[in-house]
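The structure appears right after this line, and notes come after that.
Values in this text are rule-based calculations from the coordinates and carry no lab data. Because the structure is a prediction, the values reported are computed rather than measured. A quick note on method: Cβ atoms are made from the backbone with ideal geometry, for glycine too, and the neighbour counts reach across all protein chains shown.
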Amino acid sequence: MPQFQGTIRVVFMEFHPYVMRYTGANGETRLHGLMAGLFTNITASLNLSYIASTGEDGECGMPLPNETFNGGFLMLQQNKSDLGLGPFVSEEQPFRHFAVMPALHFTRVAVLSGMETAFVTEVANFMMTIDLYVWALLLVCPLILSSLMSFRDSFRARIDHRKETVFSSYLLKLVECLLQESCSLPHRDFFHRLLFAPWILGAFIVMQTFAGLLKANTAVKSPTSRIDSLEDLIADERVSIYYPRNMIIDTILHSIPGERGRKFNEVLNKRGRGVTAAELYAESVRLETVHRKAVIVSDQASLTGCVGHWCTTTPEFYYFAGEFISFLHGTWYTRKDMNSTWREAIKMK
């Protein structure tokens with residue numbers, strides 16, 4: 001591999017554990033981490049040096065409308081930097097304006113929630129076990145049956161020249177069939193007993209359905225209530241949202257498009273807790289998470305490593321939401337007019 005001499009201007013945004021800065025022996029800003037450490041080793045092997053700086057506007061680097069950028073992308077566009085260290089959001093716009101190095105890593109912006117128990121056995125509520133329309137049919141059924149009884153008796157009354165009975169009395173007759181049929185003499189009218197049959201059959205089916213659902217709820221444990229989407233997070237007003245401030249995650253959370261993005265921004269302004277990377281995984285935040293008082297929003301790779309440690313040292317459970325907020329593309333972007341020999345040598349490395 002050829003050796004070069006020269007200096008590359010690098011723009012970065014601190015993002016633990018991918019890109020972190022420290023001060024070298026000569027007072028210069030040096031970079032380390034999963035992504036930056038690799039870049040440092042590659043440039044050293046090619047006898048190249050670098051000057052590292054952050055975006056002049058303090059942003060991490062996001063595509064904006066009308067083919068414009070901020071942060072590190074803007075520095076590349078204005079020829080104030082040669083290479084931007086990711087991860088960056090996975091968008092089409094930067095690919096049209098900059099040269100892209102091979103992707104080194106790919107991760108997602110995920111929501112991590114916690115729980116003390118993964119499954120619970122819930123007692124079935126009798127009223128909630130049966131659908132509302134079934135209860136409505138059960139209430140309407142006696143009225144229909146009483147109407148049939150009234151219609152039949154009024155028809156017979158006209159034939160026999162008898163006085164017609166008040167409708168409400170038929171409701172009482174129906175109740176009598178239910179409560180007194182086995183001990184009443186003489187027995188009720190056969191027609192009344194015949195009409196009573198479908199009603200008691202329907203009630204029997206409802207009772208059996210409830211018994212079956214009750215057994216199912218007793219035998220099968222239900223998953224604990226979980227935050228599985230951005231809408232769930234917006235709806236749960238008890239939950240605080242912890243996220244790494246002044247990093248790309250911060251920018252992504254405040255840049256979600258559309259109506260759901262507007263609602264989430266309102267929630268983030270009320271319940272958001274921007275903290276440092278060290279504070280994000282503190283024990284106090286973990287306890288809030290498992291007690292359903294908070295969630296942690298960060299990149300999934302970092303969260304997975306932290307959860308792996310928590311699972312071996314704590315008895316609680318943790319859950320990644322099924323919906324991911326965004327995707328992060330672990331790559332480096334360079335200006336298209338950057339020294340092509342350097343760029344190809346870095347790619348080969």
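Observations
- In this simple spin-label model, placing a label point 7 Å from the Cα along the Cα-to-Cβ direction at both N79 and Q5 gives a separation of 2.5 nm.
- Note on segment 223-273: Cα Rg divided by 2.2 N^0.38 Å, N the number of residues, gives 1.15.
- Label positions at F151 and E231, each projected 7 Å from the Cα along the C-beta direction, are separated by 4.4 nm.
- Calculated FRET value between I42 and A278, using beta carbons and R₀ = 25 Å, to 0.05: 0.35
- If the segment from T23 to T341 were pulled out straight at 0.36 nm per residue, it would be longer than the present Cα-Cα gap by 111.6 nm.
- Length, then width, then depth: along the principal axes, the Cα atoms of segment 21-63 run 32, 23, 17 Å.
- Alpha carbon centroid spacing (whole Å) that separates segment 330-349 from segment 227-261: 34 Å
- In loop segments of segment 220-288 as defined by DSSP, the GluC sites (Glu not before Pro) with at most 14 further C-beta atoms inside 10 Å of their C-beta are E237.
- Using alpha carbons only, the radius of gyration of segment 239-322 set against its Kirkwood radius gives Rg/Rh = 0.97.
- Centre-to-centre, using Cα atoms only, segment 289-325 and segment 29-106 are separated by 29 Å.
- Using the Cβ-Cβ distance between T304 and E266 with R0 set to 35 Å, the FRET efficiency works out to roughly 0.75.
- For segment 18-102, chymotrypsin sites (Phe, Trp or Tyr not before Pro) are listed when DSSP marks them as loop and at most 11 other Cβ atoms sit within 10 Å of their Cβ; the list is empty.
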